[in-house]
Amino acid sequence: MANATSDGRNPPDTNILDLPEEVSIFIFSFLSASELGDSIAKVCTLWREYSQAYQLWRQLDYVVDGVLSKREQISVFQTASAFRRLTLKDSTSLECLLPLLFCNCSSIQELAICGEEMDPEVLRSLAKEYKGSIISLTLEGMELNNSWYSAISDLAKGLNSLTLKADCCVWAMGLLSVECTALTSLKLTSCRQTEDHRRQVQGVKRMLRLLPDGLQILQLGAHISPNTDILQAIGEKRRIENLVLEDCCEILDKDLLNLLSLGQLQSLQLWRAHRVSSEGLINFISFSRFLSLRHLDLFDCPNLNDDVLQEITIKCRHLQTLDISSCHLLTDNGIASVFQFCSDLQTLRMSHLPQPTGHGYLFELPQLLPKLVYLDAYNCCNISCDVLEGLETNKLIVMYGRRGRRR
């Protein structure tokens, strides 16, 4: 029984349905797409109306895969008025889901289609319905043929971001890049090494030359090995802020100099630069003017020695992330310079280094690197695990241990 008020009358009964619309929608904003579509929408007519609010769905992501029940997927697609990101991984239920999507959903900002069983007609249908709203497209795990490229071209002019992780004829992307006039992010990864590597390189080079000058993010992933021509084409895109090259095995000392024109670089990843000498790395760093560089990843660069690392710490003192894992020439002298000069570091990855012992600088880590929150020293065989364990605090995560030996 409700308590009586001061004038002796009972207070009116309160009900959650009496909450103002904006309050209810704010509460619902903490729920997932499945919770909104498969639960809230089924409570009552009022909540069904609230659960369809555009301001709820425009910030939600949803994945169609073989895990969720078909009933739940139908409920979500009957309720959703928009998606921030929609990922399609399972094609078996799309025949009944797409009509519901087209009927209820007004916009999709990011679209991802994954799996070799996917049909390019799915993309074509979505492109026709949401041509004005899709600004980011990801295709992953399929073999991209002419039908796929034709479907992509239906969206090309409105795309800001394009990610392809598939077996693709990269040379054909040159034709598509002419239409991607608004592209600011391009990520390419091939699922396997193409037999015609020369043709692939020419295709990537042509594609980069034709892309707009506004490109800010570029990633060339596995099985796309940049060479001199590609590095020259990259150097012409002077607005690039984030550059990822995952397979640098063919890059030479002189090729790196093409990247010196990228004065707006904030993040640089150069993996497996096996043919770049220590002198080439020093020249690249010493001539650079990367004033905004905050993230540097030089994983598995076998010629990165203490002199190179000391040059990095002098020229790039405001680094927040540094990865020097598997650079086997590094010793305590090089690592100590990182601790001495890079006080803004938040993440340091230095795993698989056989020489450093950590003597001296590790014990002063809290004072030298006060902002560090993650240290990866896994398989640094000369650094004591007890010392690394002692560094862990509520603010610092330390990865350490030894790779097990095979018997």
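The values are calculated or read from the model by the stated rules, or taken from the named source; none is laboratory data. Quantities reported herein were computed from a predicted structural model and do not represent experimental measurements. Quick reminder, even Gly has a Cβ in these numbers, built from the backbone with ideal geometry, and neighbours come from all protein chains shown. The area values use the complete protein model at the heavy-atom level, side chains included, leaving out ligands, DNA and RNA. Shrake-Rupley method; radii C 1.70, N 1.55, O 1.52, S 1.80 Å.
Quick notes on this one:
- Filter result for LEU345 (under 16 Å from CYS327 (Cβ atoms), at pLDDT 95 or above and open to solvent by less than 10 Å² (accessible area, probe 1.4 Å)): no
- Leading residue by the ranking (modelled with the lowest pLDDT) among those in region 199-252 that are more than 22 Å from the chain's Cα centre (by Cα) and of a type in the set (Lys, Arg): ARG199
- Test: residue in region 166-182 that is open to solvent by less than 10 Å² (accessible area, probe 1.4 Å) and at pLDDT 85 or above: no
Residue-by-condition table, conditions (1) touching a strand residue (DSSP E or B) at 6+ places or on another chain (Cβ under 7 Å); (2) among the charged types (D, E, K, R); (3) part of a loop (DSSP other than H, G, I, E, B):
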| site | (1), (2), (3) |
| --- | --- |
| ALA222 | yes, no, yes |
| LEU243 | yes, no, no |
| CYS248 | yes, no, yes |
| ARG272 | no, yes, yes |
| SER292 | no, no, yes |
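- Flag for LEU268 being touching a strand residue (DSSP E or B) at 6+ places or on another chain (Cβ under 7 Å), outside any loop (DSSP other than H, G, I, E, B) and either of a type in the set (Phe, Trp, Tyr) or modelled with pLDDT of 95 or more (or both): yes
- Residue count for region 348-372, restricted to those that are outside any loop (DSSP other than H, G, I, E, B) and either hydroxyl-bearing (Ser, Thr, Tyr) or open to solvent by less than 10 Å² (accessible area, probe 1.4 Å) (or both): 3.
- So LEU319, is it open to solvent by 60 Å² or more (accessible area, probe 1.4 Å) and either part of a loop (DSSP other than H, G, I, E, B) or of a type in the set (Asp, Glu) (or both): no
- Only one of the listed residues (ASP300, ASP344) is touching a Cys at 6+ places or on another chain (Cβ under 8 Å), among the acidic types (Asp, Glu) and in a loop (DSSP other than H, G, I, E, B). That residue is ASP300.
- Lone unmet requirement of (1) closer than 26 Å to GLY132 by Cα; (2) modelled with pLDDT under 90; (3) not aromatic (Phe, Trp, Tyr) for LEU86: (2)
- Restricting region 119-161 to residues that are hydrophobic (A, V, I, L, M, F, W, C) and open to solvent by 10 Å² or more (accessible area, probe 1.4 Å), the residue that is farthest from GLU179 (Cα to Cα): VAL122
- Verdict on ARG317 being at pLDDT below 95 and closer than 24 Å to ARG289 by Cα: yes
- Test: residue in region 103-110 that is in contact with a Lys or Arg (Cβ under 8 Å, 6 or more places away or on another chain) and over 17 Å from LYS128 (Cα atoms): no
Residues are listed down the side, and each one gets a yes or a no for (1) in contact with a Ser or Thr (Cβ under 7 Å, 6 or more places away or on another chain); (2) under 24 Å from THR138 (Cα atoms); (3) among the aliphatic types (A, V, I, L, M):
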residue	(1), (2), (3)
GLY37	yes, no, no
VAL43	no, no, yes
LYS70	yes, yes, no
SER75	no, no, no
LEU94	no, yes, yes
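- Residues of region 238-259 satisfying the condition of being touching a helix residue (DSSP H, G or I) at 6+ places or on another chain (Cβ under 7 Å) and open to solvent by 60 Å² or more (accessible area, probe 1.4 Å): ARG238, LEU257
- Which listed residue, of CYS114, CYS103, CYS96, is exposed (fewer than 15 other Cβ atoms within 10 Å of the Cβ), without any contact (Cβ under 8 Å) to a residue 60 or more places away in the chain and more than 21 Å from ILE40 (Cα to Cα): CYS96
- Answer residue from region 60-93, given it is assigned to a loop (DSSP other than H, G, I, E, B) and among the hydrophobic types (A, V, I, L, M, F, W, C) and is surrounded by the fewest Cβ atoms within 10 Å (Cβ to Cβ) among those: VAL67
- Residue in region 42-54 that is at pLDDT 90 or above, closer than 20 Å to ILE108 by Cβ and assigned to a helix (DSSP H, G or I) present: yes
- Subset of region 392-402 that is in a loop (DSSP other than H, G, I, E, B) and surrounded by 10 or more Cβ atoms within 10 Å (Cβ to Cβ) - its residue that is modelled with the lowest pLDDT: ARG402
- Criterion: buried (at least 17 other Cβ atoms within 10 Å of the Cβ), in contact (Cβ under 8 Å) with a residue 40 or more places away in the chain and not hydroxyl-bearing (Ser, Thr, Tyr) - qualifying residue of GLY203, GLY221, GLY235, GLY280: GLY221
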